[in-house]
Amino acid sequence: MSTDHTGLVVTHRRYVPYSHAHYAGNLVDGAYSLAAFGDVATEVCIRIDGDEGLFASYSDVQFHAPVRAGDVLEIEARVVRVGRRSREIAFEVRVLCRGRADLGESAAEVLEPPLVATTATGTVVVPPRGDG
């Protein structure tokens, strides 16, 4: 398969349940974003290779803003390089909506613009193709 998939974008959205809060202020740990990156990377590999692939490494992980229980997140993966068996992916977690307990127990708001919470670059690998 010789199609260049550089530039392919896969996006997931999810609500962060309060059961995932670990710290004061309903903060979730940074691993939450990394797990979300793993999920969206799996879809990238399925779309390109028909295989779930495996994460090989993360580089340049940056935590720009907190992720909190009650947030609605958008997780984006953009393919920046395609090798024979590796794919380099740029990731971004954006907070689209956030709870506003200061306004009421179940109050929330849409963030315009969205808040960039976490960015990273990762490399996934897929098994060799059986091209003969």
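Net charge within 13 Å of Ile48 by Cβ-Cβ distance, Lys/Arg positive one each and Asp/Glu negative one each, not counting Ile48 itself?
With Lys, Arg at +1 and Asp, Glu at -1, the net is +1.
What number, rounded to the nearest 500 deg cm²/dmol, is the helix-based mean residue ellipticity at 222 nm of the chain, given -39500 (n - 2.57) per DSSP H run of at least four residues and division by all its residues?
On the way: 1 runs with 19 residues, N = 132.
Result for the chain: -5000 deg cm²/dmol, rounded to the nearest 500.
From the residues Val67, Val16, Val79, which one has its Cα farthest along the dipole of the stretch 9-125 in the positive direction, the dipole being from +1 and -1 charges on Cβ of Lys/Arg and Asp/Glu about the Cα centre?
Of Val67, Val16, Val79, it is Val79.
Treat every Asp and Glu Cβ in the chain as -1 and every Lys and Arg Cβ as +1, leave all other atoms uncharged, and give the resulting dipole magnitude about the Cα centre to the nearest 20 debye. Before the final figure, lay out the partial values.
Working: 13 positive and 18 negative charges, 43 e Å.
Using only the charged Cβ atoms, the result is roughly 200 debye.
Which of [x] 1.14; [y] 1.05; [z] 1.18 is the computed Cα Rg over 2.2 N^0.38 Å for the structure on display?
Correct label, based on the coordinates given: [z].
What does the charge add up to near Ala117, with Lys and Arg as +1, Asp and Glu as -1, over the other residues with Cβ less than 13 Å from its Cβ?
Values: positive: Arg14, Arg68, Arg94, Arg98; negative: Asp29, Asp71, Glu74, Glu76, Glu92.
Local charge sum for Ala117: -1.
Across bins of 10 angstrom width beginning at 0, how are the C-alpha pair distances of the stretch 1-54 distributed, in whole percent?
20, 41, 23, 13, 3
Which whole-number percent gives the relative contact order of the chain, counting Cα pairs below 8 Å spaced six or more residues apart?
Values: 280 pairs, mean separation 38.7, N = 132.
Result for the chain is 29 percent.
What does the charge add up to near Pro17, with Lys and Arg as +1, Asp and Glu as -1, over the other residues with Cβ less than 12 Å from its Cβ?
On the way: positive: Arg14, Arg68; negative: Asp71.
My count for the surroundings of Pro17 gives +1.
Bear in mind these aren't lab numbers, they're just calculated from the coordinates by the rules spelled out. Predicted model, so just to flag it, every value in this text is computed and none were measured. Cβ atoms come from the backbone with ideal geometry, glycine included; neighbour counts cover every protein chain shown.
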